[in-house]
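One structure below.
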Amino acid sequence: MTIKIEKKIKGYQVVKPEDKAAPAAAAPEKKAAEPRQAEIIQMHESVERPEALIGSTFKIKSPLFEHALYVTINDIVLNQGTPHEQRRPFEIFINSKNMDHFQWIVALTRILSAVFRKGGDVTFIVEELKAVFDPRGGYFKAGGVYMPSIVAEIGAVIEQHMKNIGLIHDPEMDEAQKKLIAEKRAAYEAGAAGKKASDGAAALKGESNASGFPPGATLCAKCNTQALVLMDGCQTCLNCGYSKCG
Ligand SMILES: [Zn+2]
């Protein structure tokens with residue numbers, strides 16, 4: 001058999017007997033896998049809304065708002081019953097008795113729903129919303145987490161929902177890191193107790209602020225929790241382990 005080579009030869013390789021056998025063996029396997037691949041549905045604009053969606057409702061109570069906000073996120077389940085089953089947010093609604101904020105809330109939910117339906121990675125909206133600051137000042141939630149604005153709290157709710165459905169994964173804190181934070185905390189508390197005793201005041205065991213961290217702890221910029229303490233001249237977070245000195 002003669003084949004005319006019309007292009008410039010850039011390299012060559014001698015065909016070995018096992019090379020001839022390999023493609024033949026691989027080919028039927030690939031053919032069987034292909035049609036199944038094609039059936040995987042990814043989120044895109046024209047995925048039709050099913051009659052029923054599953055969802056969750058979160059309540060937001062902020063001192064900036066007279067009435068609570070109820071955030072409902074409904075999910076679509078793609079490829080149900082297959083190994084590619086995936087739950088994705090499909091639409092969001094925010095309800096409140098408070099009509100002062102009606103127009104921007106409607107605008108925000110429409111845009112968020114549109115982003116959800118576009119497909120692709122939608123987790124970026126969490127960071128976008130959480131970075132919104134209210135110029136009038138934010139507030140602390142129960143648990144000592146600082147919310148810079150009501151929009152940021154909507155972002156936090158979406159983040160929680162995405163964690164619940166497995167779209168966002170918490171960065172796993174390994175055992176060594178947890179141990180290190182526990183040790184740091186014990187060392188800090190021992191130091192604080194010693195200082196109190198020498199000041200002549202009674203050292204209260206288990207004394208803590210609203211977030212469950214030592215009183216006087218300041219806000220950690222990384223995890224937004226009042227857990228930052230000064231240890232050995234270095235700001236250290238007893239919640240996430242962040243340290244200004246690395
Ligand atoms: Zn922190």
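The values are calculated or read from the model by the stated rules, or taken from the named source; none is laboratory data. The shown structure was predicted, so the numbers you read here are calculated from the model rather than taken from an experiment. Glycine also receives a Cβ, built like all others from the backbone with ideal geometry; neighbour counts cover every protein chain displayed. In case anyone asks, the SASA skips ligands and DNA or RNA and just uses the protein heavy atoms, side chains included. Shrake-Rupley method; radii C 1.70, N 1.55, O 1.52, S 1.80 Å.
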Do you know which residues across segment 215-231 are free of Cβ contacts under 8 Å to residues at least 60 places away in the same chain and among the hydroxyl-bearing types (Ser, Thr, Tyr)?
Thr218
Looking only at segment 136-165, which residues are open to solvent by 10 Å² or more (accessible area, probe 1.4 Å) and in a loop (DSSP other than H, G, I, E, B)?
Arg136, Gly137, Gly138, Lys141, Ala142, Gly143, Ile165
The listed residue being modelled with pLDDT of 85 or more and of a type in the set (Lys, Arg), out of Lys59, Lys30:
Lys59
Among the listed residues Ile154, Ile150, Ile165, which satisfies the condition of being out of contact with any helix residue (DSSP H, G or I) (no Cβ under 7 Å at 6 or more places or on another chain), in contact (Cβ under 8 Å) with a residue 12 or more places away in the chain and under 19 Å from Leu108 (Cα atoms)?
Ile150
Restricting to segment 229-246, give me the number of residues that are in contact with a Lys or Arg (Cβ under 9 Å, 6 or more places away or on another chain) and either assigned to a strand (DSSP E or B) or among the hydrophobic types (A, V, I, L, M, F, W, C) (or both).
9
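For every residue, the table says whether it meets (1) within 16 Å of the ligand (Cβ to nearest atom); (2) within 19 Å of Tyr146 (Cα to Cα); (3) modelled with pLDDT of 85 or more.
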residue	(1), (2), (3)
Asp174	no, no, no
Ala192	no, no, no
Glu207	no, no, no
Ala221	yes, yes, no
Gln226	yes, yes, yes
Asp232	no, no, no
Thr236	yes, yes, yes
Hey, does segment 96-110 have a residue that's within 20 Å of the chain's Cα centre (by Cα) and modelled with pLDDT of 95 or more?
yes
Among Phe124, Phe102, Phe116, Phe133, which is of a type outside the set (Lys, Arg) and buried (at least 18 other Cβ atoms within 10 Å of the Cβ)?
Phe116
